[in-house]
1. Out of residues 5 or more away from Gly130 or on other chains, whose amide H comes under 5 Å of its own, with H placed 1.01 Å from N in the peptide plane?
2. Between Ala196 and Gln169, what is 0.36 nm times their sequence separation minus the Cα-Cα distance? Round to one decimal in nm.
3. Want the number for Ala158 to Glu57: 0.36 nm per residue separation, take away the alpha-carbon distance, what's left?
4. From the phi of every residue in segment 167-173, what ³J(HN,Hα) in whole Hz does the Karplus formula 6.51 cos²θ - 1.76 cosθ + 1.60 yield, where θ is phi - 60° and glycine or proline is x?
5. Go through segment 80-88 residue by residue and turn each phi into a ³J(HN,Hα) via Karplus (6.51, -1.76, 1.60, θ = phi - 60°); whole Hz please, and just put x for glycine and proline.
6. When all alpha-carbon pairs of segment 31-150 are counted, what percent fall beyond 22 Å?
7. With θ taken as phi - 60° and the coefficients 6.51, -1.76 and 1.60, list the Karplus ³J(HN,Hα) couplings across segment 207-214 in order, rounded to whole Hz; mark glycine and proline as x.
8. Using a 10 Å cut-off around each Cβ, can you sort Ser186, Ser94, Ser178 from fewest to most neighbouring Cβ atoms?
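Values in this text are rule-based calculations from the coordinates and carry no lab data. Since the structure is predicted, the reported quantities are computational estimates derived from the model, not experimental observations. Cβ placement follows ideal geometry from the backbone for every residue including glycine, while neighbour counts extend to all protein chains displayed.
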Amino acid sequence: MPRRLARLLLAVAVAMTLPFPGRAADPASEPNASNDAQGIQFFETKVRPLLVKHCYECHGEDAQESDLRLDTHDGIMRGGRSGMAVVAGKPTQSLLLTAVGYQDANLRMPPETKLAAAEVADLRRWIEIGAPHPDADTSRPAVKPREVDFERGRAFWAFQPPVRPAIPQVKQADWPTSPIDYFVLSKLEENGLRPAPPADRLTLIRRATFDLLG
C-alpha cells in the first residue's frame, strides 16, 4: 500500500508540472512596458501596420484631422481636439480605442469600415502594456495632455446660428429682383462692372442643357 501511494503522489507531482490549456501564460512571455524589446516588437508587428493602413491618411505627416497625429510618438501621446488618444495602461480612457471600437456614435474611426476584432484587440493589448513605442524617451516627462477649450470651441463659426445680414445699398436699384441680387450687384458696382442683360429663352435652355448633360 505505501508503494502504491508513493507512485500516486509521484504521478500527481509530474502532472502538475505539465502545461494546461487553461493555464495563464508565463508573464515573462507576455509583452509589457518593462520589457522594451518585446513591447516594441509587438508595436512594430501588430500596431504600426494597422495605423499605417487605417489611420495615417487622415492623421499622418500630410494631414492631421482634428489636430490628431498618429505617425509619431509625441503625436499619439498628445492627442487631438477631443482629448487624449492614448493613455498608457488605461484602455478605457483612451479615445483611440473608443473610436475604433465604435463605442461612441459620434466618434467612429475609420468612419467607413470598422476594424477587425483582432485589430481592435491588438490596440487594446498595446495600450494595456503601456503603449511602448521605439521613439518613446523614458528619460523625459510625458507630453502634457492637450486641454480642450469648450468655450472657445462654441465660438467657432460653424456653431453660430445663421443671421440675416443687412441688404447693401446699390446704385441701380431697379435691377435686383430678390435680396440676393442686391449682394451680387453690390460687388459688381464695387468693381466697376455692370450686370449682363437678361438672357432669352433659347440661351437659358442651352445653358440648362450644358448643366444637365455637359
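1. Those qualifying (amide H under 5 Å, at least 5 residues apart or on another chain) are Gly89.
2. Between Ala196 and Gln169, full extension yields an extra 7.8 nm.
3. Between Ala158 and Glu57, full extension yields 33.9 nm more.
4. 6, x, 7, 10, 7, 8, 5
5. Values, residue by residue: x, 4, 7, x, 6, 6, 9, 10, 3 Hz.
6. Across segment 31-150, Cα pairs with separations above 22 Å total 27 percent.
7. For segment 207-214, the Karplus curve yields 5, 4, 5, 4, 5, 7, 9, x Hz.
8. The most exposed by this proxy come first: Ser178, Ser186, Ser94.
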